[in-house]
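Enquirer: Before I ask anything, let me first share the structure, which is written out below as structure tokens.
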Amino acid sequence: MARADLILVGGSLLTADGFDQCVRRVKELSDRPVVLFPGSPGQLSSHADALLFLSLISGRNPELLIGHHVTAAPTVKALGLETIPTGYMLVDGGRTTTAHYVSQTSPIPHDKPGIAAATASAGELLGLRTIYMDTGSGAPRTVDPAMVEAVRCAVDLPIIVGGGIRTAEQARALCGAGADMLVVGTAFEEDPERVFALREAVQG
């Protein structure tokens, strides 16, 4: 009803089976495109419309830079999914999140926009097609708008920002700093009505 542009399905850690059925059910309940946001090679489904092919460029874990991609590539090709090469950057959001723990990597410090800009620029030079800056699900704070602005000045790619977005003011500030897309998960689960205020903020 709030006309979100798309729905992301996936996460750092799944504690139940049925990923493919979940994607199929989301497709049945919504007319929005469904894009996979996989935390592992097992989070793939032919029912999705596209896939964020994530490379954790902020970390130094080889499995998340290229290892999982090698494992997943044959399945992705067989499924015929539209694939969006994405530079995934974990940013400190005030506490350790599941994404930090599972990835076994250190996030970019919250107050170091220069590191984020250089990392995003490297991703662009490597041929990635979008940058995803994330403080992780349920983080106490979101990415600093100053960091988003620094990345915006460094790259010509679409910028996705997620983690810790709870208020219209935060959403407005992030979009004003250069974010092209905001991802809201925990706040929406806690209060689905909140999505309307966030939508109004980014449209204004």
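We did not get these values from a lab; they are worked out from the coordinates using the rules stated. Note that the structure is a prediction, hence the values are computed from the model and not measured. Because the Cβ atoms are built from the backbone with ideal geometry, glycine has one as well, and the counts that use them run over all protein chains shown.
Enquirer: Quick one, which of [x] 18.9; [y] 17.1; [z] 17.7 is the actual Kirkwood radius over Cα pairs in Å calculated for this model?
Expert: Derived directly from the coordinates: [y].
Enquirer: Given an 8 Å cut-off on Cα distances and at least 6 residues of separation, report the relative contact order of region 5-114 as a percent.
Expert: Averaging sequence separation for qualifying contacts and normalising by length gives 25 percent for region 5-114.
Enquirer: Right, something else. Taking only C-alpha pairs under 8 Å that are 6+ residues apart, what is the relative contact order of the chain in percent?
Expert: In percent, rounded to a whole number, it is 15.
Enquirer: Continuing with this model, one more query. Using packing as a proxy for protection, rank 55-64, 19-28 so that the peptide with the highest average count of other Cβ atoms within 10 Å comes first.
Expert: Final packing ranking: 55-64, 19-28.
Enquirer: Which residue, V161, V34, V151, has the most motion in a Gaussian network model of the chain that connects Cα atoms within less than 10 Å?
Expert: For the chain, modelled as a Gaussian network with Cα springs under 10 Å, the answer is V34.
Enquirer: Please give the length that would be gained between R129 and V195 if that part of the chain were fully extended, namely 0.36 nm times their separation in residues minus their C-alpha to C-alpha distance (nm, one decimal).
Expert: On the way: separation 66, 0.36 × 66 = 23.76 nm, distance 2.68 nm.
Stretched out fully, the R129 to V195 stretch lengthens by 21.1 nm.
Enquirer: Looking at the chain as a GNM with Cα springs under 10 Å, which of L126, L51, L65 has the largest mean-square fluctuation?
Expert: Looking only at L126, L51, L65, the biggest GNM fluctuation is shown by L126.
Enquirer: Can you compute the modelled spin-label distance between A73 and L14, with each label point 7 Å from Cα toward Cβ, in nm?
Expert: Once both label points are built, they end up 2.3 nm from each other.
Enquirer: For a Förster distance of 25 Å, can you work out the FRET efficiency between the beta-carbons of R3 and R95, rounded to the nearest 0.05?
Expert: Details: r = 32 Å, r/R0 = 1.28.
My answer for the efficiency is 0.20.
Enquirer: Let me ask something else about it. Separation of region 164-204 and region 129-146 by C-alpha centroid, Å?
Expert: For region 164-204 versus region 129-146, the Cα centre distance is 12 Å.
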